[in-house]
Amino acid sequence: MPAAATMHDIFAAGHRADLDQVVQLAILEPQVHQELLAGLVSKEDTYRYKCLEAVLRLAAARPDLVYPDWDRFPPCSEAQSRFTWQ
């Protein structure tokens, strides 16, 4: 994974990012963690979804890193049939 690449670059077409590597990077680098959180409200569906996947894995591995930002998570309903936040 290129050191200077952004999460958007890493998740872009052509990059096959291992989400576990992204999570490890987010644990070590607060900037990556914040970039993933910011990606949760991206207008780009694929990027938003990949950020969500990474944040969920981060929360499972290190909930202490995600809990302080919990209020930044848009509300979700299990009744929603597709991944959209407004």
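The values are calculated or read from the model by the stated rules, or taken from the named source; none is laboratory data. Here the structure is a predicted model, which means the values were calculated and not measured. Positions of Cβ are generated from backbone atoms using ideal geometry, with glycine treated the same way; all protein chains shown enter the neighbour counts.
The residue that is surrounded by the fewest Cβ atoms within 10 Å (Cβ to Cβ), among those in region 22-64 that are basic (K, R) and not in a helix (DSSP H, G or I), is K43. When region 10-48 is filtered for residues that are modelled with pLDDT of 75 or more and of a type in the set (F, W, Y), only Y47 remains. Screening M7 with (1) more than 15 Å from R72 (Cβ to Cβ); (2) touching a helix residue (DSSP H, G or I) at 6+ places or on another chain (Cβ under 7 Å); (3) at pLDDT 85 or above gives one miss only, at (3).
Inspection of region 34-48 identifies at least one residue that is without any contact (Cβ under 8 Å) to a residue 24 or more places away in the chain and under 17 Å from Q24 (Cβ atoms).
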